[in-house]
Amino acid sequence: MKITDVEAIVLVWPPPEEHFWTSLRPIGRINELVVRVYTDEGYVGIGETHGSGLFREASNGDLSAAGASRVVIDGLKPMLLGEDPLDNERLWQKMFGLTHQRGWSLRGWDRTQIMAAIAGVDIALWDLKGKAANLPVYKLLGGSRDRVPCYVTGGYYQEGKTTEDLVHECQTYVDLGYNAIKLKIGGVSVEEDVARVKAVRGALGPAVDLMVDVNEGYDVPSAIRAARLLEPLRIRWLEEPVHWYDNVAGLAQVGAATSIPIASGEGALHRWQARDLILHGGIKIMQFDCTRAAGITEFLKIAGFCAMQNVRMAPHHDPQIHGHLVAGLPNGEIVETFPAADRDPVWSELFAVRPEIKNGELTLLDRPGWGLELNEGVLRERGVWA
């Protein structure tokens with residue numbers, strides 16, 4: 001089997017009409033880069049990646065493909081044409097070479113964009129691998145389960161939102177069948193945030209798992225104080241508790257000061273950053289997002305190292321991809337979901353066929369590869385081809 005073509009399509013949704021805030025940032029445009037890899041045997045692999053730097057906006061408001069999508073077409077496609085798509089390890093190393101070879105930056109790409117482009121291509125190659133083997137990816141990885149637990153991310157800060165509104169929101173998630181909810185904290189005082197979480201715990205009781213996500217909103221002393229106040233509330237994990245500039249050594253200080261497991265890794269670009277979070281940051285939950293950077297081939301290396309260090313895998317975002325990895329790996333823990341269409345239109349609009357979430361579980365499709373089919377109407381409506 002040989003690769004005959006590679007396609008990159010950027011899709012952009014406008015920001016939600018009602019602003020959602022994490023500790024420091026609002027949720028802006030939602031964007032996704034779809035990569036399709038074509039072969040001479042008729043198989044088409046579907047890959048996805050998300051994050052910043054996927055598109056460029058002109059002064060008149062028009063969008064154009066740029067960044068990671070141009071990396072796919074101008075940087076990676078010439079390397080891939082004529083290659084065997086099943087050689088994912090060799091092809092990954094070949095693509096990764098763009099990040100550390102002489103002259104790598106001359107085209108104006110940064111390493112974040114290159115790693116996002118690699119993710120989209122590598123995910124498509126794994127889809128092809130599953131289709132060639134006539135197996136879902138989770139089965140290809142040796143997984144024996146087709147259902148994985150999910151949590152819902154909510155509790156965003158919103159204008160005029162009260163603690164009573166937050167409790168009501170979380171009750172709607174329980175009514176949908178979820179028994180694990182992640183709340184945003186770090187955007188108000190420690191005491192106010194603890195009161196918010198305490199109100200949710202009091203309303204939902206001990207049977208519902210609560211995680212809290214600071215999104216790098218605290219300094220180290222504030223994170224430690226918050227953790228100690230949250231400990232009586234039986235928090236499943238404390239995510240990204242410290243500012244970006246101290247997210248390894250400072251993270252370790254917080255982890256050493258609390259009994260709550262520390263989660264991080266969604267922003268890591270590769271295995272070496274993930275290694276440092278595990279060995280020097282003291283994390284117990286690895287959230288590496290292979291749909292943001294590096295892809296499945298790199299994720300598996302990180303997962304193996306995590307297994308040796310007794311670290312669980314709870315990848316960030318895109319359950320339609322990460323569900324296969326959690327199902328296929330022995331240290332797979334749980335996947336993240338966003339059931340509200342205004343928060344995650346990708347999940348609600350992009351796919352004609354995708355797995356379903358019911359009673360807090362994602363059931364993977366018994367179809368080759370990822371089992372996904374794209375909504376071609378949405379591609380035509382929102383897509384910008386590189």
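Restricting the first member to the range 256-274 and to residues that are in contact (Cβ under 8 Å) with a residue 12 or more places away in the chain and more than 16 Å from Leu230 (Cβ to Cβ), and the second to residues that are open to solvent by 50 Å² or more (accessible area, probe 1.4 Å) and acidic (Asp, Glu), no beta-carbon pair is closer than 8 Å while six or more apart or on different chains. Just to be sure, is Gly53 modelled with pLDDT of 95 or more, open to solvent by 10 Å² or more (accessible area, probe 1.4 Å) and part of a loop (DSSP other than H, G, I, E, B)? Here the answer is no, as Gly53 does not meet what is asked.
Residue-level check: of (1) within 16 Å of Trp385 (Cβ to Cβ); (2) open to solvent by 60 Å² or more (accessible area, probe 1.4 Å); (3) at pLDDT below 90, Tyr38 misses just (3).
Yes or no, residue by residue, for (1) surrounded by fewer than 18 Cβ atoms within 10 Å (Cβ to Cβ); (2) among the hydroxyl-bearing types (Ser, Thr, Tyr); (3) in contact (Cβ under 8 Å) with a residue 24 or more places away in the chain:
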residue	(1), (2), (3)
Leu125	no, no, yes
Leu128	no, no, yes
Lys131	no, no, yes
Pro136	no, no, yes
Gly155	no, no, yes
Glu159	yes, no, yes
Thr163	yes, yes, yes
His168	yes, no, no
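Scanning the range 301-316 for any residue that is under 22 Å from Ile9 (Cβ atoms), touching a His at 6+ places or on another chain (Cβ under 9 Å) and part of a loop (DSSP other than H, G, I, E, B) turns up nothing.
Could you tell me whether Ala263 is buried (at least 24 other Cβ atoms within 10 Å of the Cβ) and either under 21 Å from Met313 (Cα atoms) or within 19 Å of the chain's Cα centre (by Cα) (or both)? Answer is yes for this residue.
Please indicate, with yes or no, whether at least one residue in the range 304-324 is in contact with a Lys or Arg (Cβ under 6 Å, 6 or more places away or on another chain), closer than 28 Å to Ser264 by Cβ and open to solvent by 10 Å² or more (accessible area, probe 1.4 Å). No. What are the pairs with Cβ atoms under 8 angstrom where one residue, in the range 328-346, is under 14 Å from His317 (Cα atoms) and the other, located anywhere, is open to solvent by 10 Å² or more (accessible area, probe 1.4 Å) and among the β-branched types (Val, Ile, Thr)? Sequence gap at least six, or different chains. Cβ pairs passing all conditions: Glu333/Ile285; Thr337/Ile357; Pro339/Ile357; Arg343/Ile27; Asp344/Ile30; Pro345/Ile30; Val346/Ile30. In the range 92-117, the residues that are open to solvent by 70 Å² or more (accessible area, probe 1.4 Å) form Cβ pairs under 9 Å with partners that are of a type in the set (Lys, Arg), at six or more places apart or across chains, as follows: His100/Arg111; Arg107/Arg70.
The values are calculated or read from the model by the stated rules, or taken from the named source; none is laboratory data. For clarity, every value in this text was computed on a predicted model and none was experimentally measured. All Cβ positions, even for glycine, are placed from backbone atoms using ideal geometry, and neighbour counts span all protein chains on display. We work out accessible area using only protein heavy atoms, side chains counted, and drop any ligands, DNA or RNA first. Shrake-Rupley method; radii C 1.70, N 1.55, O 1.52, S 1.80 Å.
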